[in-house]
Structures are given as structure tokens and as C-alpha cells.
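Here's the structure we're looking at; comments come further down.
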Amino acid sequence: MADWGDDEKGGRMRGVVFVHGALVRDGEWWWRPVAERLEAEGGVTSRAVLLPSCGETAAPAGSAGLADDAAALRDTLDEFDEAVVVGHSYGGTVIAEGADHPAVRHLVYISSYLPDTGEAQGGIMADEPDPVRVAMTEDGCVRVDGLDEAAFAARFLNDVPDESVPAEAWSRVVPQGFGAFATPTTGAAWQGRESTALVCLDDMGTSVGLQRRHAARATHAVELPTGHHPFLSRPDLVASELSRILRSL
């Protein structure tokens with residue numbers, strides 16, 4: 001697996017590309033516990049995509065949507081000759097739209113979705129029994145509504161043992177462009193590609209039923225005894241699954 005981090009060997013760049021979920025920023029922080037394990041154990045190179053719809057680039061978040069996030073993913077993939085793409089939650093919709101790229105070798109979904117062509121993120125979540133409340137802002141964004149730091153932690157970080165994480169996570173919750181949720185996909189990059197879905201059984205943010213319905217579209221499915229953010233609560237399990245996939249390629 002060492003050559004997945006060796007961008008000098010044969011002039012090839014191989015690694016993992018992470019796509020974070022909705023209504024947050026700073027993917028590098030969210031993915032760090034897994035990225036550091038992959039680097040330490042196998043020298044694996046990784047990148048976290050900056051999503052324009054979350055205000056992570058120069059464009060105002062309200063002016064950016066799914067197409068912009070997919071373009072950001074493709075730009076990151078342009079850095080690689082071979083890549084495993086990992087998406088969390090909304091990140092799976094970004095993958096569907098943006099991961100039809102020659103560098104992609106395997107797709108990984110964590111508490112996520114594999115939308116077919118023409119499906120929008122908002123529609124995917126429409127039938128959830130206990131949806132996260134959101135509200136529109138004046139500048140064309142959607143924001144989390146009705147949650148404070150403690151309530152956010154109880155729902156999305158329910159199995160994270162580090163007591164410093166909730167404050168750090170809450171500080172990264174941001175409004176996101178409405179187009180990220182309303183725009184139907186124009187492609188389904190998971191079709192015809194090897195993929196693995198990680199279903200989080202103690203997830204209080206996305207129902208297990210919805211996760212399993214989308215996981216059925218993946219080539220492989222693995223169930224984890226975790227909440228919505230296993231890369232924070234059990235990075236060892238996520239890193240182990242990714243290492244297994246990297247070794248198989």
C-alpha cells in the first residue's frame with residue numbers, strides 16, 4: 001500500500017480524496033483522524049475537497065451549488081493519476097455528479113447516498129422520519145435551524161468520546177447554498193464503478209433504512225456500530241476499511 005503515498009515513483013500520484021457532508025466547512029479537520037492514520041500506517045496521500053456551496057472558496061456560498069462542488073471535486077482529482085474517493089453524507093451526491101473521472105479507482109460512501117441521475121439531495125431526504133430542521137437565509141443559503149452545540153452533538157456526535165470535539169465541530173457548521181440541495185444530478189458516477197458503502201448503525205442524523213437503500217446500489221456494503229461521524233468516533237474502523245480497499249487495488 002506504500003505506493004499509494006509515493007508521488008515520485010514513476011511520476012504517479014495516487015491517494016485518497018475526501019468529500020465532506022452538508023452544512024459544514026473545513027473537510028481537512030473532519031477527516032484528519034483518518035487521514036493521519038492512513039499516512040502513518042501506509043504513507044497514503046490524501047486531499048480534502050473545498051466545497052464552494054459551503055463558502056470554502058472565493059465564491060459566496062449562496063451563489064454556488066452542486067455543480068460547483070462537483071467541479072471542485074474534479075479539479076482535485078486532476079491532481080491524481082489514481083484515487084479512491086470517499087464521501088460523507090451529502091458528499092455522496094457530489095460524487096455522483098463529479099467523480100466520473102479517469103483517476104477514480106473506487107468510491108466509498110459513509111452514511112451517504114448513491115443518487116441516480118435526476119435525483120436531488122433535498123428529494124433524497126424528503127421522506128426521512130426525523131429530518132434535520134433547516135431555514136433559508138436572505139442570501140440564498142440553507143442553515144441548520146433549532147440546534148445549538150449540545151443538541152448538534154447529541155444528534156451527530158453521539159458516540160464521539162473526545163469532549164473537545166463538539167465545540168470544534170459546532171464552530172464549523174455553516175450555511176450552504178440552496179443549489180446544493182435543490183439541483184438534480186446530471187450523472188451517477190457510481191454506476192459501473194467499484195464502490196463500498198459504510199452503513200452507520202447508531203446514526204441519529206440519517207436513518208439506517210435510508211442508508212441501506214442506497215448501500216444496496218453499491219458493489220459492497222459494510223455495517224459499522226457508529227454514529228453519523230465514524231471518522232471522528234472510530235477513525236480506526238474507517239481507516240481499516242480504506243486500507244483494505246487500497247490493498248485490493
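The values are calculated or read from the model by the stated rules, or taken from the named source; none is laboratory data. A quick note: this is a predicted structure, and the numbers were derived from the prediction, not measured. All Cβ positions, glycine included, derive from the backbone under ideal geometry; neighbour counts span all protein chains shown. For the accessible areas, the whole protein counts, side chains as well, though only heavy atoms, and no ligand, DNA or RNA atoms are used. Shrake-Rupley method; radii C 1.70, N 1.55, O 1.52, S 1.80 Å.
Overview of results
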read-out	value
Check: the chain dipole with +1 on Lys, Arg Cβ and -1 on Asp, Glu Cβ, in debye	520 debye
Extension gain (nm, one decimal) between R213 and A58, 0.36 nm per residue minus Cα-Cα	52.2 nm
Gyration tensor (alpha-carbon) shape descriptor, the range 72-214, a/c threshold 1.5	prolate
Dipole of the chain [Lys/Arg +1, Asp/Glu -1 at C-beta], most positive-end residue of A71, F181, G98	G98
Residue among G55, G122, G65 with the largest mean-square fluctuation in a Gaussian network model of the chain, springs linking Cα atoms under 10 Å	G122
Beta bridges per DSSP with both ends in the chain, % antiparallel, nearest 5	20 percent
Of all accessible heavy-atom area on the chain, the percent that carbon and sulfur account for (1.4 Å)	48 percent
Inter-centroid distance (Cα atoms) of the range 85-145 relative to the range 168-245, Å	9 Å
Relative contact order of the range 1-158, defined on C-alpha pairs under 8 angstrom at six or more residues apart (%)	20 percent
From phi via Karplus (6.51, -1.76, 1.60), per-residue ³J(HN,Hα) for the range 43-58 in Hz, x at Gly/Pro	x, 7, 7, 9, 9, 10, 6, 8, 9, x, 5, 9, x, 8, 10, 5
Shape of the range 142-249, Cα gyration tensor, a/c cut at 1.5	oblate
Residue of R74, R212, R12 that the Gaussian network model of the chain assigns the largest fluctuation, springs spanning Cα pairs under 10 Å	R12
Using alpha-carbon coordinates, inclination of helix 66-77 to the longest axis of the chain, degrees	20 degrees
The chain: C-alpha gyration tensor shape, a/c 1.5 cut-off, then a/b vs b/c	rounded
Calculated [θ] (222 nm, deg cm²/dmol) that DSSP helices of n ≥ 4 give over the chain, each run adding -39,500 (n - 2.57)	-9000 deg cm²/dmol
